[in-house]
Structure formats: C-alpha cells, structure tokens
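Read the structure below first, then the notes.
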Amino acid sequence: MGAGHAHNLYRPGDSPLHRLPPQCKLVAVVVFVLVVVSTPREAYWAFGVYALLLALAAGGGRVPVGYVARRVVVEIPFVVFAVALPFLATGPKTEFLGLTVSHSGLLGAWNILAKGTLGVVASILLAATTNVRDLLLGMERLRMPQLLVQIMQFMVRYSEVIAGEMGRMRVARESRGFQAKDVRQLPVVAKSAGALFIRSYERGERVHLAMLSRGYTGTMPVIVDVRANRAQWCAAALLPSLAVVACAVAWVG
C-alpha cells in the first residue's frame, strides 16, 4: 500500500502525538472510550475532566480546535436523536429552558451527547495524528487476525480505484444522454452497479493471481516494523490512566 493513500482526516506533522507508535494510540483511545462510557451520567465534572484531557492531547498533537470542530458534525444524527429524547421519553417531568420535558429523557440526552462527543473527538485525534497505513501496522502489532488486516489494507488501497471506475462509468452514461431523474432510471443504475461489481471481482482475481506468482502464502511481508518501547507505552497510557482515576472517583463519590 503506497504512502500516497492517506485519508482526509490525517494531518501530517512531527508532534509528540504523531511520533507515538500506532498500537499505543489505538489501545489508549479504546481504553479511554470504554472509561467514558462506564462513567455515571450524573458525574458532570468527570466529563469536564475528559474534555480537558482531550484538549491537552489535541495541543500535544498540534491539532487546531477548528479542525476538530468541523469534523464533529459527523455525529449530527445522534444529536438530533438526543434533542428529541426529552420530548419523547416518558416518566416524571421537569422544567428546562422554559419547556416541560421528561427528566429521564433529559439525562439520557446528556448521556448520549457527552459520551458520544468525547468518543468522536478521541477518534478524530487518533485519525488526525495517524495515517491509515500506520493504523493497520499497529493492528498487526496488536495481534489482530492477519486476514482481517489484509482485507482492510486492500479496501484502503483499492477504494480510490473502484471510485474512479465508478466515476468513469457515470461519465460514459451521461455522455450517451442518460440522466437519473426519477425511479424509472433505476434499472440502468442497477445494471451499472452489477457491472461495477463484476469488474471489481475480476480485478480482485487478477490481483490475487499476481500475488501468488510473487510468492504470497497468506501473510504480507513486513516492510516497516513498528515497535514501541516502555517509555512510549507509558506516555500513551497517561490519557486513559487519568480518565480511569476520574471514573473511579465518580463511582466512589
């Protein structure tokens, strides 16, 4: 997989967060998200601590606030659901901003917004400081199944190729006067989708034969071995460790 296959979320840089091995960042983000989800929704101060930790991580990775804010919009469907929840849920009612809403629904909305936003921001910081190739190498170091990692590698590698093929098919249709205006054009689009699937399948067969002819035996050769020392693991563990302390205090309190 070439170095040119980077995703849109990645921000090249040389910050301490960029230099951490990918497996360390993956474990840190997963543990952090699990801690956030496990925190009682009534512990409002704990979520403030988590937000502060993420802000410090963003500063360490030199990821601008505006960059993160523009990409948090991915959770808009959850925000819409959370906003509607206080009006749809049953149970005791309470006054909030001059409106009569369900108390349990209000807490549920806060729970979704707080935990969902923190999880999304943590994922954005991971993607902004780690390119796809390194993430996959980190998954290999964490002993994820080889077959699963290879499938993801080829998905990343050939997604642009398939998208380009789909674009050329669209141009070919439009150059022949086709315009998808209503459902009557669905059969044509369906046939195009079928042709694209067949072409993709045949391409996969050719790639597999090419790999076998070059000695492929089920495992991909490791060109860059990403290792992590104890200091790097300790640095990555700082964020989830502080989150665990905050979560423990929230439960005890």
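Residues of segment 90-108 being open to solvent by less than 80 Å² (accessible area, probe 1.4 Å), among the aliphatic types (A, V, I, L, M) and out of contact with any strand residue (DSSP E or B) (no Cβ under 9 Å at 6 or more places or on another chain), which ones?
Narrowing segment 90-108 to residues open to solvent by less than 80 Å² (accessible area, probe 1.4 Å): 91, 94, 98, 101-102, 104-108.
From the residues that got through so far, the ones that are among the aliphatic types (A, V, I, L, M) too are 101, 106-107.
Correct list: 107 only.
Consider residue 87 carefully, then state whether it is surrounded by fewer than 17 Cβ atoms within 10 Å (Cβ to Cβ), in contact (Cβ under 8 Å) with a residue 24 or more places away in the chain and part of a helix (DSSP H, G or I). Even if it seems obvious, please write down each step before you answer.
Details: surrounded by fewer than 17 Cβ atoms within 10 Å (Cβ to Cβ): yes; in contact (Cβ under 8 Å) with a residue 24 or more places away in the chain: no; part of a helix (DSSP H, G or I): yes.
No.
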request  = Please specify each residue of segment 13-47 satisfying the condition of being open to solvent by 30 Å² or more (accessible area, probe 1.4 Å), in a loop (DSSP other than H, G, I, E, B) and in contact (Cβ under 8 Å) with a residue 60 or more places away in the chain.
outcome  = 13, 41, 42
task = Output the number of residues of segment 122-159 satisfying the condition of being of a type in the set (Val, Ile, Thr), open to solvent by less than 70 Å² (accessible area, probe 1.4 Å) and within 14 Å of residue 220 (Cα to Cα).
result = 1
query = Are there any pairs, at least 6 apart or on different chains, whose C-beta atoms fall under 7 Å, with the first in segment 172-201 and on the phi < 0 side of the Ramachandran plot and the second open to solvent by 70 Å² or more (accessible area, probe 1.4 Å) and part of a helix (DSSP H, G or I), and if so, which?
reply = 196/166
query = Looking at segment 127-150, is at least one residue without any contact (Cβ under 8 Å) to a residue 60 or more places away in the chain and polar (S, T, N, Q)?
reply = no
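The values are calculated or read from the model by the stated rules, or taken from the named source; none is laboratory data. Just so you know, these numbers come straight off a predicted model, no measurement behind them. Because the Cβ atoms are built from the backbone with ideal geometry, glycine has one as well, and the counts that use them run over all protein chains shown. Each accessible area value is taken on the protein alone, full model and side chains, heavy atoms only, with ligands, DNA and RNA left out. Shrake-Rupley method; radii C 1.70, N 1.55, O 1.52, S 1.80 Å.
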